[in-house]
Amino acid sequence: MKKKSIEIFEGFLNAGIKYLKWALVVAVAIILLTGIYKVDSSEVAVVLRFGAITGETREEQIKQPGLHFSLPNFIDEVVKIPVERIQELSVGTLYGTGATIGNPVQTNGYAITGDSNIVRLDIVLKYKVSDPVAYALRVNDISTTLNGIITSEMTAMITKTAVDDVLTTEKSALTSQTMKNAQSVIDRTGLGVTLTNIELTVVTPPTEAIDAFNKATTASVQKQTLIQQAKDYEESAIPAAEAKSKQLVDDANAAQSAAVAKATSITEEFKGLYLQYQQNPEVVKNGVFRSRVAKILQQSGATIVTPDSPGGTTRVVLPNTKK
């Protein structure tokens, strides 16, 4: 009887050991299967083993797209990082929807400008992960971290800028300098993030003053428009005036040259005629007379016969030029 009991016990023990072995095999298989993970084409991954990154070199630390294996979750933590995707973050610390000056500061959201005015700004930040290792080791809540950095740097820039400039002409310079300063802070902190753009989606004064600010903005825009129109007119009128002035000078020089040439020609003709007159006064006198009278007759169309010359019978008959 005792021997039979021992045999039954040994049978149960052997069966238990057998099932335990199968259970261990299944558990190990499940653990191994849960350790397989996939990295998408737009991602990379790093593995933290008890909080420390695995791999000796950067190539070993950064897991490229594809299938990989890690130890169970209580040992390894797989951090997937979207390095190819531009991520977007709304920074609303300085902007409260429908906020007024009377609202509590915590829910109002505003900034003080360099000329002691109040503005509210809604900011959209775009960024991408540039260093996956640094990002995985140093960043727990990237949204909160970037929100704080951008808010701090934007507030610092606003305090150096007049309200009119914030609302109109200096938005681009404001966001550009804020992004530069924020990136410097991110680099010093070693977050492994690169900012790609900062956009002010809403820039507005408090609700109580928005009408007055809108009028001021409209006046500023009209001022700039008139200034630009004046510049455009200046750029077109001055070249036209210069061209006209040059044309008048050229015409005057041409007229002067023509007048001088004509006067020179008449002078030379007179000198030649005078020399001939000195040699034969009567012939030249008659020739000039006939020439001048012929021109007159061409204009009047008349025929004139001169009287007989004194002491002779010769008459000078001028041709009839009348047609």
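Annotations
- Percent RCO, i.e. relative contact order, over region 54-177, from Cα pairs under 8 Å lying at least 6 residues apart: 26 percent
- Which listed pairs, of 80/180; 171/223; 38/180; 180/215, have C-alpha distances above 26 Å, in listed order: 80/180; 38/180; 180/215
- Positive end of the dipole of region 45-85 (Cβ unit charges, origin at the Cα centre): among 81, 48, 62, the Cα lying farthest that way belongs to 81.
- Rounded if a/c under 1.5, otherwise prolate or oblate - region 193-272, Cα gyration tensor axes: oblate
- Per-residue extension of 0.36 nm, minus the Cα-Cα distance of residue 208 and residue 247, leaves a gain of 8.0 nm for this segment.
- Charge dipole of region 194-238 (Cα centre as origin; +1 on each Lys and Arg Cβ, -1 on each Asp and Glu Cβ, all else neutral): 60 debye, rounded to the nearest 20.
- Region 75-228: projected area of the alpha-carbon convex hull, averaged over directions, in nm²: 11.2 nm²
- Protection proxy ranking of 117-123, 256-262 - average other beta-carbon atoms within 10 Å, highest first: 117-123, 256-262
- Each Lys and Arg adds +1 at its Cβ and each Asp and Glu adds -1 at its Cβ; summed about the Cα centre, region 211-278 shows a dipole of about 120 debye.
Every number here is computed from the coordinates shown, using simple stated rules; none is lab data. Since this is a predicted model, take the numbers as computed values, not measurements. Positions of Cβ are backbone-derived with ideal geometry, glycine not excepted, and every protein chain shown enters the neighbour counts.
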